[in-house]
Amino acid sequence: MEDIAATAATSGGWTWSQTTALIVPFIAVFGAFLTYTLNQRAVRREHQAKTFAEALTAVEEYLEMPYRIRRRPASSDLIRQQLTDEVSSLLARMAFHQAWLQIEASSVAGPYAILVATARAEAGAQMSLAWQQPPIRTDEGMNLGSAYPRDRSTAARAACIEVMRRHL
């Protein structure tokens, strides 16, 4: 009788070892796929976070330009040209980030456009005033004493960052 049961188990029945032999590779492949997918998601999120930070940095550098203009060296055509070139470069970088966000993260594009427009309005007026001031000639003068107001830009930046966080 034992011979018949052993023969039946080996000749036609399905065993646990056969089931395990099929399930283990499936679990391994599924685990590898899941790991790959999660890693790709993390890489994409990190890339987007870095791009968002670069977009915010361009605006911050633009907001700093009134200080750079105010602290320019006395009467140097070369410095004047460098500062105006830098302003143009920052405008181009902000336009690049606006376009990129419209393509890759449309939910962030609107708040970023508002931030850029607000920064341009605030810092643009401040740059005009800074150009009208005489260059600073003393070390003591480098401390301007009061900051240029950025209340609207700060609020627009906070709103933009909140949308960026939700997007990530």
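Values quoted throughout were computed directly from the atomic coordinates according to the rules given, and no laboratory measurement underlies them. Not measured: the values here are computed from a predicted model. Glycine gets a Cβ as well: all are built from the backbone with ideal geometry, and neighbour counts include every protein chain shown.
Taking each residue of the stretch 77-90 that is free of Cβ contacts under 8 Å to residues at least 24 places away in the same chain and looking for partners that are of a type in the set (V, I, T) and not in a helix (DSSP H, G or I) with beta-carbon atoms closer than 6 Å, six or more apart or interchain, yields nothing. Exactly one residue out of T57, T84, T35, T51 is assigned to a helix (DSSP H, G or I) and either surrounded by 15 or more Cβ atoms within 10 Å (Cβ to Cβ) or in contact with a Cys (Cβ under 8 Å, 6 or more places away or on another chain) (or both), and it is T51. Within the stretch 127-168, restricting attention to residues that are over 17 Å from the mean Cα position of the chain (by Cα) and of a type in the set (D, E), the residue that is nearest to E64 (Cα to Cα) is D151. Of the residues making up the stretch 129-141, none is assigned to a loop (DSSP other than H, G, I, E, B), aromatic (F, W, Y) and touching a residue at least 40 places away in the same chain (Cβ under 8 Å). Residue check: is L90 touching an Asp or Glu at 6+ places or on another chain (Cβ under 7 Å) and either surrounded by 13 or more Cβ atoms within 10 Å (Cβ to Cβ) or of a type in the set (S, T, N, Q) (or both)? Taking the combined requirement at face value, the residue satisfies it.
Residues of the stretch 48-86 that are among the hydrophobic types (A, V, I, L, M, F, W, C) and under 25 Å from the mean Cα position of the chain (by Cα): A49, F52, A53, A55, L56, A58, V59, L63, M65.
Residues of the stretch 107-145 that are basic (K, R) and closer than 22 Å to E162 by Cα: R120 alone.
Regarding the stretch 100-120, can at least one residue be identified that is touching a helix residue (DSSP H, G or I) at 6+ places or on another chain (Cβ under 6 Å), over 29 Å from T51 (Cβ atoms) and either in contact (Cβ under 8 Å) with a residue 40 or more places away in the chain or polar (S, T, N, Q) (or both)? Within the stretch 100-120, none of the residues are touching a helix residue (DSSP H, G or I) at 6+ places or on another chain (Cβ under 6 Å), over 29 Å from T51 (Cβ atoms) and either in contact (Cβ under 8 Å) with a residue 40 or more places away in the chain or polar (S, T, N, Q) (or both).
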